[in-house]
Structure formats: C-alpha cells, structure tokens
Amino acid sequence: MVGLILRWVANAVALLLTVWLGKMLGLGLHVSGFWGAMIAALVIGLINAFIRPIVVVLTLPLNCLTFGLFSLVINAFLFWLAGELLTEFDVQGPMAALFGSIVMSIFSSLLSHTVAPEKRR
C-alpha cells in the first residue's frame, strides 16, 4: 500500500517536472499546483489502466503496420484526454501531448523505480 502511494506521488512529481520542462520549451502544458498534479496523475493512471488496453486492442493492426510507433500516438491521445477531462490539468495541442506523454513516461519510470523499487523474487 505504501509503495502504491509512493508511486502516485512520484507520478505527480513527474507530471510537475514535465509541465515545467514543457513551459521552458514554450509548449502548452499547465497544471494547477501539487494537488492538481496529484489528481491528474490519478486520472492518467486510471485512463492507462482502463481505456488504454481497449484502444491498444482496437488499433492493433495499425500498430503492427507501423512497428509499434502508433503507440506514441495512442499515448499522446490519452495524455491529451486527461487534460480534457480535468480543469486542473491542461494540454494545448498535439505537440504538447506528444512531448508530455514521452517525457512524463521517462520521468515517471525513473522516479518510480527510485522511490519504490520492485522486489525481486
């Protein structure tokens, strides 16, 4: 349970870092503070848990034709969707969504493995 909460906080921090970097590059990313990032991280996690598998199965032929590169489009779309569902989180445009989805996955992976490493069996 503690590991789950640590990963949630790590994802929120990853989102804050992503938005900060996006603002430095002039992309349209915005989140309203730490609690807004916590809510956005929760919604992004729920979208990835429930909607992403359905979208991946429906676009499997296209994903196979592009050798998996269409996954970047799927991730960007789901990142944008989270921004559309929330008032605390805003993603303006496809380039901001693509940048945000890629950078957040990198930051989230690094932070999650740092704060709550998986135990090996």
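Bear in mind that the values in this text are calculations on the coordinates, not laboratory data. Bear in mind that the values here come from a model prediction, so they are computed numbers and not experimental data. FYI the Cβ positions are ideal-geometry reconstructions off the backbone, even for glycines, and counts take in every protein chain you see.
Over the Cα atoms of the chain, each weighted equally, I'd like the Debye log10 I(q)/I(0) at q = 0.17 Å⁻¹, rounded to two decimals.
Results for the chain at q = 0.17 Å⁻¹ read -0.85.
What ranking do 2-13, 27-38 get when scored by the average of other Cβ atoms within 10 Å per residue, highest first?
Details: 2-13: 16.1, 27-38: 17.8.
Ranking, from highest mean packing down: 27-38, 2-13.
For segment 69-121, just the Cα atoms, rotate onto the principal axes and tell me the three extents in Å, largest first.
Its Cα atoms span 41, 29, 15 Å along the three principal axes.
Which three semi-axes in whole Å describe the equivalent ellipsoid of segment 37-97, each the square root of 5 times a Cα gyration tensor eigenvalue, listed largest first? Mind showing how you got there, number by number?
Details: eigenvalues 104, 35, 10 Å².
The equivalent ellipsoid of segment 37-97 has semi-axes of 23, 13, 7 Å.
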